[in-house]
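Heads up, the thing below is written out as structure tokens.
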Amino acid sequence: MALTMLNELLIEDPSPPLLLCQLSKTAQLDALNYQSCFMQGVFAHFPEILFIHRTYNPRGKVLYTFLVDGPRVQLEGHLARAVYFAIPAKEDAEGLAQMFQVFKKFNPAWERVCTILVDPHFLLLPTLAMEFPTAEVLLSAFHICKFLQGKFYQLSLEQPVERVLLTSLQSTMCSATAGNLRKLYTLLSTCIPPAQLPELHSHWLLNDRIWLAHRWRSQAESSHYFQGLEVTTHVLSQFFGTTPSVEKGMTALLQYLQQNSGDKASFSLGLSPPNNHPPSDGGPESPKVEQLVEARIQHSLNAICTGPAAQLCLGELAVVQKSMHLIGSGSEKVNIQILEDTHRVQPQTPASCSCYFNQAFHLPCRHILTMLSARRQVLQPDMLPAGWTAGCAASLGDIVGSKWSETLDKHLAVALLTEEVGQLLQHCSQEEFERRYSTLRELADSWIGPYEQVQL
């Protein structure tokens, strides 16, 4: 019974993949190794750098996903770089050794693996080194970034400090020069309490060997790389990491792979397929469930809000429907990221968010609507200020004019300009930096006076 759904998938696959399963005494799936012919071909073309990502499910089983990496890999699409899936019977030395040996048996190109990228919590490094004796094992830049992000949230820092650290981390990962890494290291030493600093393992930032494996990417390539891995790991989590049943989780994941056959055309033709079918966010439910939830949210918006308010919020919902959103739960707040800057949602009534839309209009923004969609909830009347409820507003212009804050408008303009100037200063040469800094210094002195030092 455990393999019924997986077997149905094999029948539908035109080119039979490798599928090795091991059942427990209770007839449940205990171990699995899976590789399609396409995945085997991708690895044979790009075996030099292997990226290993682990996804845990509620039962404690772990899915190992092997992905190809490196300058030669130009594959587009979710999971297009995935070349092997494996679930070891136990995550110990014996279980991992067996998993790696099966992988090597069906992939002769394993001998050409030069570098293996892993996450900071990967403890069985001796087993990995024994099975791949000629490969160098390094921490991946992506996993270090996710590790530090998680630590920033766990430390419950003041919001301005947290925002500065997250922004600096993002810019450093997209331009991982020795100087930028040193600056981030210094910033952590300054902002993080000394007693908690060892938890961050900030010395990783000074290990140049880690960053040489990532530094060849341009700033745009780095941003695209991190965004792609963010989506890939989210897809793995939504199908396997949220489902207690290993069989159902793997079936949903393999069905998703089969449905996204555009990735194969991309590999064979060297083209990037259009990404018209992003995965849904609510786990391996069918698209009909997602559409029903979104329709209910739209209905609640139209029923509760004024026409102008519904118009603004439906615009936000349209962004949510076309975007990949990532949700992380905290003790009191929910972190919502729609592949943009992270914002904090306060789910308790009245719901609020740190984004500019919610602060300016006090309406449910895309982040609050994402939270409602993920929780299968709808808008409630007490989530709106009285001025936005049905029957209270005359027109969109009247309400926007009455709600618009000149102070917030100025703050937004200054914040955008400051961010742009900061980016220009971070990514210019030392000579250009000195010239631009001198210009800013003269401007500040002309506004405030040459006798008063202004911090830039």
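The values are calculated or read from the model by the stated rules, or taken from the named source; none is laboratory data. Because the structure is a prediction, the values reported are computed rather than measured. All Cβ positions, even for glycine, are placed from backbone atoms using ideal geometry, and neighbour counts span all protein chains on display. Note: accessible area is taken over every heavy atom of the protein model, side chains too, but ligands, DNA and RNA are not part of it. Shrake-Rupley method; radii C 1.70, N 1.55, O 1.52, S 1.80 Å.
Per-structure values
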item	result
Residue that is aliphatic (A, V, I, L, M), open to solvent by 30 Å² or more (accessible area, probe 1.4 Å) and either out of contact with any Phe, Trp or Tyr (no Cβ under 6 Å at 6 or more places or on another chain) or under 30 Å from HIS343 (Cβ atoms) (or both), where the choices are LEU155, LEU187	LEU187
Extreme residue, farthest from THR242 (Cα to Cα), among residues of region 348-388 that are touching a helix residue (DSSP H, G or I) at 6+ places or on another chain (Cβ under 9 Å) and basic (Lys, Arg)	ARG366
Residue in region 69-82 that is more than 20 Å from the chain's Cα centre (by Cα) and either more than 26 Å from LEU181 (Cβ to Cβ) or crowded, with 21+ Cβ neighbours inside 10 Å (or both) present	no
Verdict on LEU166 being open to solvent by 40 Å² or more (accessible area, probe 1.4 Å) and in contact with a Phe, Trp or Tyr (Cβ under 7 Å, 6 or more places away or on another chain)	no
Scan of region 85-115 for residues that are touching a residue at least 40 places away in the same chain (Cβ under 8 Å) and of a type in the set (Gly, Ala, Ser), ordered by number	ALA86, ALA89, GLY95, ALA109
Test: residue in region 190-197 that is closer than 30 Å to GLY77 by Cα, assigned to a helix (DSSP H, G or I) and in contact with a Ser or Thr (Cβ under 8 Å, 6 or more places away or on another chain)	no
Hits in region 105-137 - residues which are out of contact with any Pro (no Cβ under 9 Å at 6 or more places or on another chain) and of a type in the set (Val, Ile, Thr)	THR115, ILE116, VAL118, THR127, THR134, VAL137
Conditions (1) closer than 22 Å to LEU205 by Cα; (2) part of a helix (DSSP H, G or I): number failed by VAL102	(1)
Neighbours by Cβ (under 7 Å, 6+ apart or cross-chain): first from region 418-444, at pLDDT below 80; second of a type in the set (A, V, I, L, M, F, W, C) and open to solvent by less than 60 Å² (accessible area, probe 1.4 Å)	ALA444/VAL454
Any hit, region 44-57, residues being touching a residue at least 40 places away in the same chain (Cβ under 8 Å), touching a Pro at 6+ places or on another chain (Cβ under 7 Å) and not aliphatic (A, V, I, L, M)	yes
Residues of region 49-68 satisfying the condition of being open to solvent by 10 Å² or more (accessible area, probe 1.4 Å) and part of a strand (DSSP E or B)	ILE49, HIS53, ARG54, TYR56
Helices (runs of 4 or more DSSP H) completely within region 235-325 that count 2 or more residues being of a type in the set (A, V, I, L, M, F, W, C), open to solvent by 30 Å² or more (accessible area, probe 1.4 Å) and at pLDDT 50 or above	287-304, 307-321
Condition check for LEU139: within 22 Å of PRO47 (Cβ to Cβ), without any contact (Cβ under 8 Å) to a residue 40 or more places away in the chain, open to solvent by 20 Å² or more (accessible area, probe 1.4 Å) and hydrophobic (A, V, I, L, M, F, W, C)	no
Count of residues meeting criterion [surrounded by 17 or more Cβ atoms within 10 Å (Cβ to Cβ), in contact with a helix residue (DSSP H, G or I) (Cβ under 9 Å, 6 or more places away or on another chain) and farther than 29 Å from LEU188 by Cα] in region 109-136	6
Residue satisfying all of: in region 139-164; out of contact with any Cys (no Cβ under 6 Å at 6 or more places or on another chain) and of a type in the set (A, V, I, L, M); nearest to TRP211 (Cα to Cα) among these	ALA141
